[in-house]
Amino acid sequence: MPSLDSTEEEILLDSRNSRKILKVLRLKPGEEILLWDGEGKEFRACIKRIHGTRVAVELLERTQPKPEPPLRVVLVQGIPKGEKFDLIIQKATELGVWAIHPVVTERTVVRIPEEKKASRQRRWQEIATEAARQSGRMHVPEIIGVTPFSLLWQQLGPESLKLIFWEGETQPLKQVFRRVNLSEFSVVYLFIGPEGGFEKKEIEEAVAHGAVPVSLGPRILRTETAGLVALSLILYEWGDLGGP
């Protein structure tokens, strides 16, 4: 799609967006839509005409996009089996995650062949892009390349809060909130294990790199549930989801 800063009278949308407008939303010439570029720009536009399978629109005005969460939260997720990671990406994006970092841990069953990593990452990024569009977000979370757990630490920002969620820990998240001031950190990393969680030695490694072990309560949550719960609690505490 041409830049939304284009001075052209009409902008011809790409096939994917045109198909959604015509086949899913069933909109017609004369109706208005919102366009965004994933980089913070949002415009009110009017559908002018249909060129075959493509939609031509006229930009009417730049609008004020919905605010992003003031706290950047990165979900560091042990890769789960099946299509669970697709669901995690979709729902975490809707909630307001800043980025998602898939990691390979001791208990990770899924091992992505080297030659398939690029295509898998592109697919994951497309899921994040579509979820951001559906939820009206201006920021599309980056899906960072798959990283072994042991090589993760050198990629994390120094001025960050690292929370690693483990069923063997008793310290609740509320207790951490009482001890730390979230505004002191530029980024919060949430570490979630795959099916079976983290090995104890991985927890020890994380603690050695400054991570804080945290419990999500007395019940053991599925990997596809735990990260979404942790993300929701963090953003609620910060006030982004209607919290204090």
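Number of residues in the range 94-126 that are in contact with a strand residue (DSSP E or B) (Cβ under 8 Å, 6 or more places away or on another chain), part of a helix (DSSP H, G or I) and under 25 Å from Leu233 (Cβ atoms) equals 1.
Against the numbered list (1) surrounded by 14 or more Cβ atoms within 10 Å (Cβ to Cβ); (2) under 19 Å from the mean Cα position of the chain (by Cα), Val176 comes up short only at (2). Selection of first residues in the range 155-184 that are without any contact (Cβ under 8 Å) to a residue 60 or more places away in the chain and of second residues that are assigned to a helix (DSSP H, G or I) and exposed (fewer than 10 other Cβ atoms within 10 Å of the Cβ), restricted to Cβ pairs under 9 Å at least 6 apart or on distinct chains, gives the following pairs, ordered by first then second residue: Glu159/Glu184; Leu161/Glu184.
Of all residues in the range 109-135, those that are over 22 Å from Pro194 (Cβ atoms) have Cβ atoms under 6 Å from Cβ atoms of residues that are surrounded by 13 or more Cβ atoms within 10 Å (Cβ to Cβ), 6 or more apart or on another chain, in Thr129/Val140; Ala132/Thr93; Ala132/Val140; Ser135/Glu94. Can you tell me which condition Phe85 does not meet? The list is (1) farther than 25 Å from Leu34 by Cα; (2) exposed (fewer than 14 other Cβ atoms within 10 Å of the Cβ), and all the others hold. The failed condition is (2).
Count of the range 29-44 residues, restricted to those that are at pLDDT 85 or above, surrounded by 10 or more Cβ atoms within 10 Å (Cβ to Cβ) and not in a strand (DSSP E or B), is 2. Within the range 198-218, is even one residue over 14 Å from Trp166 (Cβ atoms), surrounded by 16 or more Cβ atoms within 10 Å (Cβ to Cβ) and of a type outside the set (Ser, Thr, Tyr)? No.
Among all positions in the range 139-147, there is no residue which is over 14 Å from Gln77 (Cα atoms), hydrophobic (A, V, I, L, M, F, W, C) and at pLDDT 95 or above.
Restricting the first residue to the range 41-67 and requiring it to be on the phi < 0 side of the Ramachandran plot and of a type in the set (Lys, Arg), which pairs with a second residue that is part of a loop (DSSP other than H, G, I, E, B) and at pLDDT 85 or above meet a Cβ separation below 7 Å and a spacing of at least six or different chains? Once the first residue is on the phi < 0 side of the Ramachandran plot and of a type in the set (Lys, Arg) and sits in the range 41-67, its partners that are part of a loop (DSSP other than H, G, I, E, B) and at pLDDT 85 or above give Lys48/Pro29; Arg49/Pro29; Arg54/Leu13. Inside the range 51-64, residues that are surrounded by 15 or more Cβ atoms within 10 Å (Cβ to Cβ) and either hydrophobic (A, V, I, L, M, F, W, C) or in the same structural domain as Arg122 (by TED's automatic domain parsing) (or both) make up a count of 4.
The values are calculated or read from the model by the stated rules, or taken from the named source; none is laboratory data. Note that this is a predicted model, so its numbers are computed, not measured. Heads up, the Cβs are rebuilt from the backbone with ideal geometry, glycines too, and the neighbour counts pull from every protein chain shown.
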